[in-house]
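Derivation of every value follows stated rules applied to the coordinates shown; laboratory data play no part. If you're wondering where the values come from, they're calculated on a predicted model, not measured in any experiment. Here Cβ is always computed from backbone atoms with ideal geometry, including for glycine, and neighbour counts include all displayed protein chains.
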Amino acid sequence: MLKFQPSALRAQVTAALVRPLDVLVRRRVSPNLITTIGVLVNVAAGVAFMLGSLHWGGILVLLGGFVDIVDGHVARRAGMQTTFGSFYDSTTDRIAEIVVLLGVFSLYLGNEPNIGEPWMVYVVALAMAGSLMVSYTRAKAESLGIDCKVGLMQRAERIILLGGSTLFFGSWRQGLALNIVMFAMAALTNLTALYRIYWVYRHLRAADAAAAQPENPSAPTSGRVPETANR
C-alpha cells in the first residue's frame, strides 16, 4: 500500500542542526520549557495575523515550527523523554494550531484588517477541522499499535505552506497566496484524514484476517479422536 510521508524530511533537517542544538542538550534545558516557548511563539503568530501583520505572522509560524523540532531533539539527545512530555507536546501542538488559524480566521470577518471575502471563514474552519482530524487519526491509530505517519498534509507541510505563503506574499493581491493555501489545506487535510482512516482499515482488516485463520489448518476439525490414538 502506498505510503506518502513528506514529513520524513524532518529527520534530515534535525540532523543538520545537531551541533547547534547540542548546546541546549549540554545545559539540559527542559524540553517542556522549549515546548512552552513554542506555544507562546504560535500565540504571537495568531495575534500578528489578527492584527493584519501577515509577514510577521509567517515568520512566527515558521519559528514556532522550528521550536517544535528543537524540543523533541533535546528530549531524545539528553535522555529526558517522558510520557507527560510526549502528551504535553502533542496537546500544545493542537493549541498552537488552533490559535494560529483563529488569527487567520479573523482576517476574513469583514472588519479591518480584511483581506478577503467573508465566506472564506468556512474554508479556514474546514482547514482547522481537517488539521485536527489529521492529528486525531494518527493518535488513535498509534493507540491501536499502528504506524500512521502518512498523508500529504501533515503538520510540517501545514507550517511550511502557511508560514511561507504569508512571509513571502503577505497581503499581496488581497491575500491571494493565503487564500490558495487555505483552500489547499481545507482540501488536503481532510483528504489526509480520510486516507489515514483507509490506512488503518487496511491494517486492521489484514490483522483480523490473520487472526481468523486456524493455527494448524491440517489438524482434525471434529471432536473425534483418531483411532491410532487408542492403540
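Per-residue 3J(HN,Hα) values for region 43-51, derived from phi via the Karplus relation 6.51 cos²θ - 1.76 cosθ + 1.60 with θ = phi - 60°, read 4, 4, 5, x, 5, 4, 4, 4, 7 Hz in sequence order (x marks Gly and Pro). Computed extension gain for residue 143 through residue 183, at 0.36 nm per residue and net of the alpha carbon distance, reaches 11.3 nm. Taking 37 °C and 0.692 mPa s as conditions, region 11-206 diffuses translationally at an estimated 188 µm²/s according to Stokes-Einstein applied to its Kirkwood radius (Cα pairs). The simple Förster model, with R0 at 30 Å and r as the Cβ-Cβ distance, assigns residue 191 and residue 22 a FRET efficiency of 0.20. Note on residue 102 and residue 37: the model spin-label points, each 7 Å out from Cα along the C-beta direction, lie 2.4 nm apart.
For region 115-154, the Stokes-Einstein estimate of translational diffusion at 10 °C and a viscosity of 1.306 mPa s comes to 137 µm²/s, using the Kirkwood hydrodynamic radius over alpha-carbon pairs.
So what is the relative contact order of region 58-162, in percent, for Cα pairs below 8 Å that sit 6 or more residues apart?
Here the relative contact order equals 26 percent.
A Förster radius of 25 Å combined with the Cβ-Cβ distance from residue 174 to residue 90 puts the calculated FRET efficiency at roughly 0.10. With r defined as the distance between the Cβ atoms of residue 76 and residue 202 and R0 fixed at 22 Å, what FRET efficiency is calculated, to the nearest 0.05? Computed FRET efficiency for residue 76 and residue 202: 0.15.
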